[in-house]
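Student: This is the structure I want to talk about, given as structure tokens.
Every number here is computed from the coordinates shown, using simple stated rules; none is lab data. The structure presented is a predicted model; accordingly, all values stated were derived computationally and were not measured. So basically every Cβ, Gly included, is an ideal-geometry build from the backbone, and we count neighbours across all protein chains shown.
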Amino acid sequence: MTLEHIPEMKLGKLDDGIATSYMRQVDDFLKYWIKLDGPSEVIRRVMGDAAANALLEGSVHMCHACALLHKTESIREKLRVSYEDFVAEVMSRYALSNAVEVLAGRGLMHEKA
């Protein structure tokens, strides 16, 4: 499983308590971005289309793309220097997505026939 090879994706140890482990990662912007857009799109946005196409060539599963995202030094470096350029837009979409889910769950959103 790819998760086993990506330390950043581990929440922590059960000995630390589930709540403590969870709260330690709540401010991890990359986790929000991956949840919202998926790892391939994160790579594409950070690296540009041409570089992303080359990096993702042969990748057929999101777990492989996630491993590339976390293990490829050129992607990690580009993320380090440019992630702040994406925070406002990504987190706004994340908040909007959550709000829509809440409204839909309350039956306040109706599909048009």
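Student: Just add up the charged neighbours of S97: K/R +1, D/E -1, any other residue whose Cβ is under 15 Å from the Cβ of S97.
Tutor: Taking every Cβ under 15 Å from that of S97, the sum is -1.
Student: HN-Hα J couplings of the stretch 63-74 from phi, Karplus 6.51/-1.76/1.60, θ = phi - 60°, integer Hz, Gly and Pro as x?
Tutor: Once rounded to whole Hz, the list reads 5, 5, 4, 5, 5, 4, 4, 8, 10, 8, 4, 5.
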